[in-house]
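To keep things clear, I will list the structure first and then write my remarks on it.
Taken together, the values in this text are just the output of simple stated rules run on the coordinates, not laboratory data. Quick caveat, the model's predicted, so the values are computed rather than measured. All Cβ positions, glycine included, derive from the backbone under ideal geometry; neighbour counts span all protein chains shown.
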Amino acid sequence: IFQGAHINMTHSLEALILSLEERLFDRATRQNVTMLGALLADEFVEFGARGAAWSRADVLRDLPEQDFVQRRLSDFKLRLLSEDVVLATYVCEVSGDEGPQRSLRSSIWKQVQGRWQMVFHQGTRMAQE
């Protein structure tokens, strides 16, 4: 029986969701509509670090055409929201001409028919140090 967010998170689930987040940073995934589509739920929505909002259709249309930028993920944490829904949070760092740009990221993943898909993602820029 589900006991709320206090259930001890299994290492395997945390490792799985981390690997899915990292897969979304991968060039091959970002440039492949089929691979992206498998990771994003039909109702997916993203609020970007610069204030824009994207639907699943927007991401599948636009992301494969964008220039690839290497990203680094750190400070990954996972919280169980229900049996089949988790919240992942982490810091994303992108190297830029003016130094690294860092943002706080949050993703909600849900398990449907044994497969985890992202339903929501948000990035919020961090203040420059």
key: Euclidean distance of C-alpha centroids, the stretch 61-123 and the stretch 17-50, integer Å   = 8
ask   = Once the dipole of the chain is set up with Lys and Arg at +1 and Asp and Glu at -1 on Cβ about the Cα centre, which of 28, 89, 63 lies farthest towards its positive end?
value = 89
ask   = With springs only between Cα atoms under 10 Å, which of 88, 52, 28 fluctuates most in a Gaussian network model of the chain?
value = 52
task = Based on other C-beta atoms within 10 Å, arrange 34, 10 from fewest to most.
result = 34, 10
message = At 1.567 mPa s and 4 °C, plugging the Kirkwood radius over alpha-carbon pairs of the chain into Stokes-Einstein gives what diffusion coefficient in µm²/s?
response = 84
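Could you tell me the relative contact order of the stretch 11-125? Use alpha-carbon pairs under 8 Å, at least six residues apart, and round to a whole percent. Before the final figure, lay out each step's value.
Details: 192 pairs, mean separation 28.2, N = 115.
Here the relative contact order equals 25 percent.
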remark   = Listed residues 46, 21, 83; largest mean-square fluctuation, Gaussian network over the chain with Cα springs below 10 Å, found at 83
query = Looking at the chain, which longest stretch skips every one of the chymotrypsin sites (Phe, Trp or Tyr not before Pro) that is in a DSSP loop with at most 16 other Cβ atoms within 10 Å, leaving the sites themselves out?
reply = 3-67
